Amino acid sequence: MTTAYQEHLDVLSHRYEDAMAYFGLDAIVLASGEKSYYFQDDHTHPFHAYSGAQQWLPFSLGAETFIVLKTGKKPTLVWPVRDDFWHAPNPVPSGDWQQNWNIVTAKKTDKWFTDLPKQTAWLGPQAMSFAVACEGLKAYVDFDKAVKTDFEIQAMRQASIRGAAGHIAAKEAFLAGMSELEIHLAFLKASQQTATQEPYPGIVGLNEHAAVLHYELKSIEKMPDSRTLLIDAGANEHGYASDITRTFTRHDDDFSALVESLDMMEQKLCRSAMSGVSFRDLHQDTLAGIASLLHEHKICALSVEEQLDKRIPQVFFPHGLGHLLGLQVHDVGGHQADKMGGLSMPDEHAPFLRLTRTLEKNMVITIEPGLYFIPMLLDKMQADIPNHGCDMKRIQQFMPYGGIRIEDNVVVKNDRPENLTRNAFFV
């Protein structure tokens, strides 16, 4: 068993023993969850284990797996035994990781929980009747998940390497004139995963589709003039995600110059992701940066201060700068103010900001500024903001390109942050 994994278990054990002491618990059961089915069908949704359970193991957890934690004891893994001929067998994965575990195999009908102490709490879906209610426990452990161990960061490095390989293949497919579906298939092949194994459904938008923030379609038709590719897609390493966005262009023109300017701004923001920095302030810096780009590229004649006052940048950059990243793409605890569950919600000027905390060393975050030409928001701007200063004729020239988003995954440090994404593209 690697030293990093041993240290990871030690950190988790300390966190949960602290929680048990605080709430007066004798044990905590973590449940991976059960498969769910489509309505009136025997086909299941893609399964994702509850992150609190997945965090303890160095491989992807399946359904109906349980972890039992008791103070001062080895964690116990209750491994499900499949007793049918419909599915592939699922033996307990081998490896040195087993040294610090008690492992129990159990069928679904087995009563593996009969000897648990009375004060046993449950984290995860489908709580069993023996569990005691413990309000606040989930928030208490979620808050600390934002700070990653070396083991977790290494998993995200590997996810970044595979994700970057997929993006390089996607760019080549785009330049070869492939359809959105073919580009996505190229990404999947190079990142070595199926669509259901992606940490989130990949976004592949050509031309105007790049202006749809969560564009979910993948056209099978090749576009005769594909000018822009926006691809937002990541990879998975035993539950830990990478979340990468790139915007590629075919022509050397005004739009490609705008992409280059946004890329430079994004890298500067990444270098600013240091401990002690308020993520709210980074988001505000991004709005000022977008205003500067709009002025520099002659999209808006107003000064940066005037644009901010009239909220012009939000027309072109309507979402938040980024979020926590880990076992969930939008990782838990982004709005938590403390372990007690107090919240620090975004204000009306940044309603979609998913992270409002002050950054700490070894948090992993996304930095993803965007600049889009979204017809609905542009129409609203013209109707609601007098003297907006925007050159609508120039904007019309940019509309066929859709928009830009550039996203990197960054490990927060006390001095120089580690950009997992940029490093992965150079592997």
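One table, with the values for the structure above:
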| read-out | value |
| --- | --- |
| Angle in degrees between helix 180-191 and the longest Cα principal axis of the chain, rounded to the nearest 10 | 50 degrees |
| Distance (nanometres) between label positions extended 7 Å along Cα→Cβ at residue 135 and residue 348 | 3.1 nm |
| Accessible surface of the chain, 1.4 Å probe, proportion on carbon and sulfur as whole % | 53 percent |
| Dipole of the chain, positive end: most advanced residue of 261, 362, 163 [Cβ charges, Cα centre] | 362 |
| Theoretical ellipticity at 222 nm over the chain - DSSP helices of four or more residues, -39500 (n - 2.57) apiece, nearest 500 | -10000 deg cm²/dmol |
| 0 to 90° range, to nearest 10: angle between helix 279-296 axis and the chain longest Cα axis | 20 degrees |
| Computed magnitude of the charge dipole of the chain (debye, nearest 20; Cβ of K, R +1, Cβ of D, E -1) | 580 debye |
| All lysines inside 24 Å of residue 218 as judged from Cα atoms, apart from same-chain residues fewer than 8 positions distant | 171, 189 |
| Simple Cβ-charge dipole of region 108-235, Lys/Arg +1 and Asp/Glu -1, about Cα centre, in debye nearest 20 | 300 debye |
| Per residue convex hull volume, Cα atoms of the chain, in Å³ | 167 Å³ |
| For region 222-304, the spread of Cα positions along each principal axis, largest first, Å | 40, 40, 15 |
| In nm, spacing of pseudo-spin labels at residue 3 and residue 271 (7 Å Cα→C-beta vector) | 3.2 nm |
| Accessible area per residue, Å², region 34-147 with all protein chains present, probe 1.4 Å | 60 Å² |
| Region 324-386, accessible area per residue, ligands and nucleic acids excluded (1.4 Å, Å²) | 44 Å² |
| Stokes-Einstein D for region 174-260, Kirkwood Rh over Cα pairs, 4 °C, 1.567 mPa s (µm²/s) | 96 µm²/s |
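The values are calculated or read from the model by the stated rules, or taken from the named source; none is laboratory data. This is a predicted model, so every value here is computed, not measured. Cβ: placed from backbone, ideal geometry, glycine included. Neighbour counts: every protein chain shown. Note: accessible area is taken over every heavy atom of the protein model, side chains too, but ligands, DNA and RNA are not part of it. Shrake-Rupley method; radii C 1.70, N 1.55, O 1.52, S 1.80 Å.
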